[in-house]
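The values are calculated or read from the model by the stated rules, or taken from the named source; none is laboratory data. This one's a predicted model, so the numbers in the text were calculated from it and none came from an experiment. No Cβ is skipped: glycine too gets one built from the backbone with ideal geometry, and neighbour counts run over all protein chains shown. Just so you know, the surface numbers come from the protein's heavy atoms only, side chains and all, with ligands and any DNA or RNA stripped out. Shrake-Rupley method; radii C 1.70, N 1.55, O 1.52, S 1.80 Å.
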Amino acid sequence: MQSGPSQHQEMEVKQFQNFLQYYNKLTELCFTDCIHDFTNRKISTNENNCAIHCSEKFLKVMQRVGVRIQEVQVMQNEGILGAPDPPK
């Protein structure tokens, strides 16, 4: 019998939580930066274009950060980067 969630299930839950955090951050940032007119129910063309550019930029940055983290992890695994120097 299985007493708790498997490691795979825990990893999937963590990935979904991370996704939700990024999605919420993207929504908050782009809404705050792009939506200013609350007197009309429709989103203006400028607001729509701003939201599209904002979300594209956010996703590109997150992708670059992810790639960079993977590069650092590979270098650490290969021993190119040593452990950080202890504080003095």
Return a yes/no flag: does the range 7-22 have any residue that is in contact (Cβ under 8 Å) with a residue 12 or more places away in the chain and assigned to a helix (DSSP H, G or I). yes
Residue among LYS42, LYS57 that alone is at pLDDT 90 or above and over 23 Å from ASN24 (Cβ atoms): LYS42
Just give me the residues in the range 26-48 being in a helix (DSSP H, G or I) and either open to solvent by less than 70 Å² (accessible area, probe 1.4 Å) or in contact (Cβ under 8 Å) with a residue 24 or more places away in the chain (or both), in sequence order. LEU26, THR27, LEU29, CYS30, CYS34, GLU47
State the number of residues belonging to the range 1-25 that are open to solvent by less than 100 Å² (accessible area, probe 1.4 Å) and of a type in the set (Phe, Trp, Tyr). 0
